[in-house]
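Undergrad: I am attaching a structure below and will ask some questions about it afterwards.
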Amino acid sequence: MKQQLMKMVFEDNVVMNWSTVQKCALILILACGMHLTWIVWKIYIFLQPSVWSMINMPLMRVTFWIDISFFCVLAALIYPTIYYREHKLAVSFMPWISIGLFTLTLCFGSYMVGTLSPATMIGYVSMVTVGLILFQRHLIYVALIPATIMLLLCTYLSTYHVIPYAPLFNIGPTQENVLLQPFWVNTMLFFSAPIFLVSLLLFEILLTQWRNREDYIEKLSQIDPLTNVLNRRSINLYLKDLHDQFQHNQCPYAVILLDLDHFKRINDNYGHDVGDKVLIEVAKCLSHHLRHKDYIGRFGGEEFILLLPNTALAQARIIAERCRIAIQTLPIFLKDQSTIQISASFGIAMSSSNTDPSELLNQADQALYAVKANGRNQVQYYFDLPPLMTKS
């Protein structure tokens, strides 16, 4: 159950592919969480008279109700991001509203606890980075630039005592330095830890999904989109690897080219949709009758290629014959539930020390050509051909 949940969160539920409005819902939830954290902390302060001397209590009471008001507004805005995410107005305005309110929340809290405090630094860096990953850059920069200017201005003005630094705390010449007190350190940990953990979780989710997307794109670049077997480029790479291994350890391998017999007639008589269905079913059939270590690829229109590692000639013949029979007995159902029968011709070439991959393909192709000239639906090995039919 735990593994299924992790798979759903990290792989299936791809946050990066969410719509912009759905991402707005996530941002609003995070902003609600920030205000909820401050509300919980302030309730704790109200219940601890021993720390009141270090807190600006009148400002605390005002900001407490501000936090509750903001929490209610943000929570209410989550509704349209869920139920009206396809609505034109939601798509147009919710990103600006949600990002703006989140930025305002972050700036307000940063000034209250100190623009140079650990909580502000962690929140600023983490949320900006996550925002740039989730949203289009112009949405983030429009909010980031004014927020950065505001934080820098507050820092500058508080440095010259024009405005108080961290006005939520009593920091003055008559008080012992609050910023060195365990109370202030614990407060910073209380504010920083949730932001850090949530950001870390988001980074982990996004990084995992990014890697999964890269793996998926890489896989797509290797397979034929119709039949879901390897494409010609990938097969050539695997063939080169097999040849390099053969040169190193002399483990034999076989190359088998097969071509569907009279495939043009199928397209002409039944249409290209039936022809596509035939190719898909043949690819499935071949995959089912090959070994786990074998490779199957689509080499051309109706031509497939099989690479059989660590395989001697006798075994290659058996595998090719098994696949030939499987294709010959494979029923292709039409829309009216009638069936058509198909067959395929096979040409085999075996690895040798003086034959490179391109020559092997040429040998398999000549063997396949000989089968077509001799009645089709057969298996032929290149070196079994009469001398007049081979081209060195």
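Undergrad: Hey, MET112 hits all of (1) surrounded by fewer than 19 Cβ atoms within 10 Å (Cβ to Cβ); (2) touching a Pro at 6+ places or on another chain (Cβ under 7 Å) but one; which does it fall short on?
TA: Going through (1) surrounded by fewer than 19 Cβ atoms within 10 Å (Cβ to Cβ); (2) touching a Pro at 6+ places or on another chain (Cβ under 7 Å) one by one, MET112 breaks only (1).
Undergrad: Restricting attention to the stretch 281-291, does a residue exist that is surrounded by fewer than 21 Cβ atoms within 10 Å (Cβ to Cβ) and part of a loop (DSSP other than H, G, I, E, B)?
TA: Checking the stretch 281-291: at least one residue is surrounded by fewer than 21 Cβ atoms within 10 Å (Cβ to Cβ) and part of a loop (DSSP other than H, G, I, E, B).
Undergrad: Just the residues that are within 38 Å of the chain's Cα centre (by Cα), acidic (Asp, Glu) and closer than 17 Å to TYR270 by Cβ, please, taken from the stretch 300-355.
TA: GLU302
Undergrad: Against the condition touching a His at 6+ places or on another chain (Cβ under 9 Å) and crowded, with 17+ Cβ neighbours inside 10 Å, how does TYR253 come out, does it pass?
TA: Here the answer is yes, as TYR253 does meet what is asked.
Undergrad: Further, regarding this structure: From the list VAL40, VAL51, VAL91, exactly one residue is under 28 Å from THR159 (Cα atoms), assigned to a helix (DSSP H, G or I) and of a type in the set (A, V, I, L, M, F, W, C). Which is it?
TA: Checking each option against the conditions leaves just VAL51.
Undergrad: So, ILE78, is that one of a type in the set (Val, Ile, Thr), out of contact with any Leu (no Cβ under 7 Å at 6 or more places or on another chain) and in contact (Cβ under 8 Å) with a residue 12 or more places away in the chain or not?
TA: Answer is no for this residue.
Undergrad: Against the condition more than 18 Å from HIS289 (Cβ to Cβ) and in the same structural domain as ALA254 (by TED's automatic domain parsing), how does GLN328 come out, does it pass?
TA: No: the conditions fail for GLN328.
Undergrad: Okay, next question. Take the conditions closer than 27 Å to ILE205 by Cα and either in contact with a Cys (Cβ under 6 Å, 6 or more places away or on another chain) or part of a helix (DSSP H, G or I) (or both) and apply them to SER110. Does it pass?
TA: Judged against the criteria, SER110 is a match.
The values are calculated or read from the model by the stated rules, or taken from the named source; none is laboratory data. On a predicted model such as this, the values are computed, not experimentally measured, just so you know. Don't worry about glycine lacking a Cβ; one is built from the backbone with ideal geometry, like all the others, and counts go over all protein chains shown.
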